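Asks: Before anything else, here's the structure in question.
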Amino acid sequence: MLTADDVKKIVKDEDVHYLRMSFTDALGALKNIEIPIFLLDDALDNQIKIDGSSIAGFLPIEHADMYLYPDPASFVIYPWTSGRDKTAALICDVYNVDGTPFAGDPRGILKKNLAAVNKMGFDALNVGAEPEFFLFKRDENGRPTMTVNDDAFYFDTEPKDEGEACRRDIANVLTDMGFKIEAAHHEAAAGQHEIDFRFDDALHTADKIQYFKLVVREIAKQHGLAATFMPKPITGINGSGMHMNQSLFKDGQNAFDDPNGFKGLSDTARSYLAGLLKHAPAFTAVANPTINSYKRLVPGYEAPTYIAWATDNRTPLVRIPAGRGKVARLELRSGDPSANPYIFIAAILAAGADGIKNELTAPDPVERNIYEMNAAERDEANINELPGSLEQAIANLEADKELVSALGDEYVKTFARFKKDEIAEYKTNVTNWEHKEYFGA
């Protein structure tokens, strides 16, 4: 973990000229204010101010001033910058002018939920994220097209996988920024890719997801491509997910592991799992926060649509991957990369914590292919469906008292307001599908 003194030394040794003070808005977009490096001491002393009224979901115009409190552990240098343009970045928490944390800061919301779990006796939540993305070609003017860069399939190689060079450069840049890359490969759909990096504590995994998206877009652009984290950019093929692998640690040991427990899981793990299943209808709103998300969450395209769990079976919502001991974990498979990583992780942590506090009991695992089960068989197994639309997911979130409390009433109201406006706009927008289907009617 870097300290403020470490940051000062690196900046001097590496001859950094600019610093980007980065933070995340209510909807998950990474924002920043760039300052010259001579203001580094002011930055590390929490003296950099922003206009919160210009940020989605922050402050009204009559109370606009906010301060950025950087986390030295998040410091990186952007490897694609050099010379007089050499730029570094710090991820920041957002504070009010009176020195109190801003209740609507997504990073602060995650920190609040991590502190609550610490009070329950747990040291940390480790999270491993698996964000997927698509690469599209650009036209002669540099504008993104809807033509994917290849027609390759899962684990294909060059020459069929024409995105391999771009993907490798992304992995190299991430490595230069301190990521530990574990795998990089072509995904199941044409133009789709995945780069997996090693798990970290929940807060810094969320930070890394934000840096990851930035790097993918930047390096894709350098290759003449456009990267998107849109959950379902193309009709008829798989969409992009962002699975979240989770494990709680207590006294330095994995609290999810029990060699004598059912499926090698501890009572803590099974209660946490039960909490995930209980609150899934509500946290889907932040795990899948766009209208487009629900075009991915349909049967037949590898994304889960049913609330159940299993071990080897990949059709339920939660899977227990192979490996126990220190690597025992629960894999939540429904999320997508349009999610705000801080809020997504905060919500699933709150759901799991509720399961532990109330000693909830998970149902039996479902090792059958749920997509092949009929409605009567699913009813008999008490398998419910995830919300089929953003509108339903938002309603579920608003009705879930535990998650509203965990995320903050004001944040949930702000998030729901933005999303209801999005839904209303979509409902009145005429699409190409409607032109094709009805124009000649």
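The values are calculated or read from the model by the stated rules, or taken from the named source; none is laboratory data. Source: prediction; values computed, not measured. Quick reminder, even Gly has a Cβ in these numbers, built from the backbone with ideal geometry, and neighbours come from all protein chains shown. Please note that ligands, DNA and RNA were not included when accessible areas were found on the heavy atoms of the full protein model with its side chains. Shrake-Rupley method; radii C 1.70, N 1.55, O 1.52, S 1.80 Å.
Asks: State the extension gain, in nm to one decimal, for the chain segment bounded by D51 and E434, taking 0.36 nm per residue of separation less the distance between their alpha-carbons.
Replies: My answer for the length gained is 133.8 nm.
Asks: Additional query: How large, in percent, is the carbon and sulfur part of the accessible surface of region 217-274 at a probe radius of 1.4 Å?
Replies: Percent of accessible area from carbon and sulfur atoms in region 217-274: 44.
Asks: Right, another one. What accessible surface, in Å², does a 1.4 Å probe find on D15, ignoring ligands, DNA and RNA and rounding to the nearest 10?
Replies: 90 Å²
Asks: Just to be sure I understand: if I project the alpha-carbon convex hull of region 289-419 onto a plane and average over all orientations, what area do I get in nm²?
Replies: Averaged projected hull area, Cα only: 8.9 nm².
Asks: Cut-off 20 Å, label point 7 angstrom out along Cα-to-Cβ of K413: give me the residues of region 281-299 whose amide nitrogen falls inside.
Replies: 286
Asks: Rounding to the nearest 20 debye, state how big the charge dipole of the chain is about its Cα centre with +1 on each Lys and Arg Cβ and -1 on each Asp and Glu Cβ.
Replies: Charge dipole, the chain, about its Cα centre: 140 debye, nearest 20.
Asks: Based on Cβ point charges of +1 for Lys and Arg and -1 for Asp and Glu, what charge dipole magnitude is obtained for region 106-260 about its Cα centre, in debye rounded to the nearest 20?
Replies: The calculation lands at about 800 debye.
Asks: If the limit is 27 Å between Cα atoms, which of K137/K427; K180/K263; K9/K208; K49/K413; K232/K427 go over it?
Replies: Check vs 27 Å cut-off fails for K137/K427; K180/K263.
Asks: Obtain the nm distance between the two label points defined at D85 and E367 by a simple spin-label model: each point lies 7 Å from its Cα along the Cα-to-C-beta direction.
Replies: Distance between label points: 5.7 nm.
Asks: Further question on the same structure: Give, in nm to one decimal, the length gained when the segment between A103 and R378 is fully stretched (0.36 nm per residue of separation minus the Cα-Cα distance).
Replies: Gain on extension, A103 to R378, equals 94.9 nm.
Asks: Further question on the same structure: What number comes out for accessible area per residue over the chain if the probe is 1.4 Å? Units Å², please.
Replies: With the other protein chains kept in place, the chain gives 45 Å² per residue.
Asks: Related question: Cβ under 11 Å from R378's Cβ, R378 left aside: what net charge do those residues give with Lys, Arg +1 and Asp, Glu -1?
Replies: Value of the local net charge: -4.
Asks: For a paramagnetic label modelled at 7 Å from the Cα of M120 toward its Cβ, which residues of region 349-383 fall within the zone defined by backbone nitrogen distances under 14 Å?
Replies: 349-362
Asks: How many percent of the alpha carbon pairs in region 309-365 exceed a separation of 12 Å?
Replies: 73 percent
Asks: Let me ask something else. Could you work out the helix-only [θ] at 222 nm for the chain, with each DSSP H run of four or more residues adding -39,500 (n - 2.57) and the total divided by the number of residues, to the nearest 500 deg cm²/dmol?
Replies: Result for the chain: -11000 deg cm²/dmol, rounded to the nearest 500.
Asks: If you don't mind, there's one more thing I want to ask. Using unit Cβ charges (K, R positive; D, E negative) and no other charged atoms, how large, in debye to the nearest 20, is the dipole of region 139-221 about its Cα centre?
Replies: 300 debye
Asks: Expressed as a whole percent, how much of the Cα-Cα distance distribution for region 227-369 exceeds 18 Å?
Replies: 54 percent
Asks: To continue, here is another question. How large, in percent, is the carbon and sulfur part of the accessible surface of region 56-173 at a probe radius of 1.4 Å?
Replies: Of the solvent-accessible surface of region 56-173, carbon and sulfur hold 52 percent.
Asks: For Y154, what accessible surface area do you get with a 1.4 Å probe? Give it in Å², rounded to 10.
Replies: 100 Å²
Asks: Could you give the nm distance between label points at D13 and K180, where each point is 7 Å from its Cα heading toward the beta carbon?
Replies: Reported label-point gap for D13 and K180 is 2.1 nm.
Asks: Please work out the Kirkwood hydrodynamic radius for region 104-199, using every pair of different C-alpha atoms, and report it in angstroms with one decimal place.
Replies: 15.9 Å
Asks: Next up: Measure of size requested: the Rg and Dmax of region 42-138, with Cα atoms as the atom set and Å as the unit; please supply both.
Replies: 17.1, 51
Asks: Can you give the Kirkwood hydrodynamic radius of the chain from its Cα pairs, in Å with one decimal?
Replies: 22.8 Å
Asks: Follow-up. Could you check the simple spin-label distance between N96 and T3, using points 7 Å along Cα→Cβ, in nm with one decimal?
Replies: Simple spin-label model gives 3.2 nm for this pair.
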